[in-house]
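Data first, discussion second: the structure below is written as structure tokens.
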């Protein structure tokens, strides 16, 4: 029995070191991560994470709201939740309702009250009808500057890929939708 102890100890240490390496590698910055599903169950939704380095819009725009980050480029960007989850959204016959805000460098809300922006979305983790999107409208807020606004109705909870298309610019992101 005394001979087995060093062998078992070596196996234990090897497994422990391998586990530590896996944990260290999992903390590396990435563009997607796993969301937590309904009821705290782990999901397999590769939600969009903050890029490294973070995107910073032109200086005339303030920081994103608390718990959010800017995502995109000067050509088209949006604001996303840090944890990749849209929760507590109003629910109606059309599904979960969310307002999506979009920006482009040089966009002027007064000159373009109905911007050329369309938003589409599809569920990635199960079959579902596509989301319904309103036409784009304009908006302005001293903290947010000129922005484009599109309301979306997401038919079900789950993992959703949302795409904004403004002219020849496109931006996609993935969010987890939960009640």
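Structure above, values below:
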read-out	value
Output for the stretch 39-50, where each listed residue is touching a residue at least 12 places away in the same chain (Cβ under 8 Å) and surrounded by fewer than 15 Cβ atoms within 10 Å (Cβ to Cβ)	44
Residue, modelled with the lowest pLDDT, within the stretch 140-159, restricted to residues that are exposed (fewer than 15 other Cβ atoms within 10 Å of the Cβ) and in a strand (DSSP E or B)	141
The one condition in (1) surrounded by 10 or more Cβ atoms within 10 Å (Cβ to Cβ); (2) at pLDDT 95 or above that residue 90 fails to fulfil	(1)
Any hit, the stretch 63-78, residues being out of contact with any helix residue (DSSP H, G or I) (no Cβ under 6 Å at 6 or more places or on another chain), under 18 Å from residue 153 (Cα atoms), in contact (Cβ under 8 Å) with a residue 24 or more places away in the chain and part of a strand (DSSP E or B)	yes
Some residue of the stretch 160-169 being out of contact with any helix residue (DSSP H, G or I) (no Cβ under 8 Å at 6 or more places or on another chain), closer than 21 Å to residue 58 by Cβ and buried (at least 18 other Cβ atoms within 10 Å of the Cβ)	yes
Residue in the stretch 99-107 that is over 17 Å from residue 70 (Cβ atoms), out of contact with any helix residue (DSSP H, G or I) (no Cβ under 6 Å at 6 or more places or on another chain) and surrounded by fewer than 20 Cβ atoms within 10 Å (Cβ to Cβ) present	no
Condition broken by residue 43, with the remaining ones in (1) part of a strand (DSSP E or B); (2) modelled with pLDDT of 90 or more satisfied	(2)
Residue in the stretch 94-103 that is free of Cβ contacts under 8 Å to residues at least 40 places away in the same chain and either under 22 Å from residue 55 (Cβ atoms) or touching a strand residue (DSSP E or B) at 6+ places or on another chain (Cβ under 8 Å) (or both) present	no
Failed item, numbered, when residue 119 is tested on (1) within 15 Å of the chain's Cα centre (by Cα); (2) modelled with pLDDT of 95 or more; (3) in a loop (DSSP other than H, G, I, E, B)	(3)
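Table: residues versus (1) over 17 Å from the mean Cα position of the chain (by Cα); (2) over 21 Å from residue 69 (Cβ atoms).
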{"site": "129", "(1), (2)": "yes, yes"}
{"site": "132", "(1), (2)": "yes, yes"}
{"site": "135", "(1), (2)": "yes, yes"}
{"site": "145", "(1), (2)": "yes, no"}
{"site": "154", "(1), (2)": "no, no"}
{"site": "159", "(1), (2)": "no, no"}
{"site": "169", "(1), (2)": "yes, no"}
{"site": "175", "(1), (2)": "no, no"}
{"site": "179", "(1), (2)": "no, yes"}
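The values are calculated or read from the model by the stated rules, or taken from the named source; none is laboratory data. Please read these numbers as outputs of a predicted model, since none were measured by experiment. We place every Cβ from the backbone using ideal geometry, glycine too, and count neighbours over all the protein chains shown.
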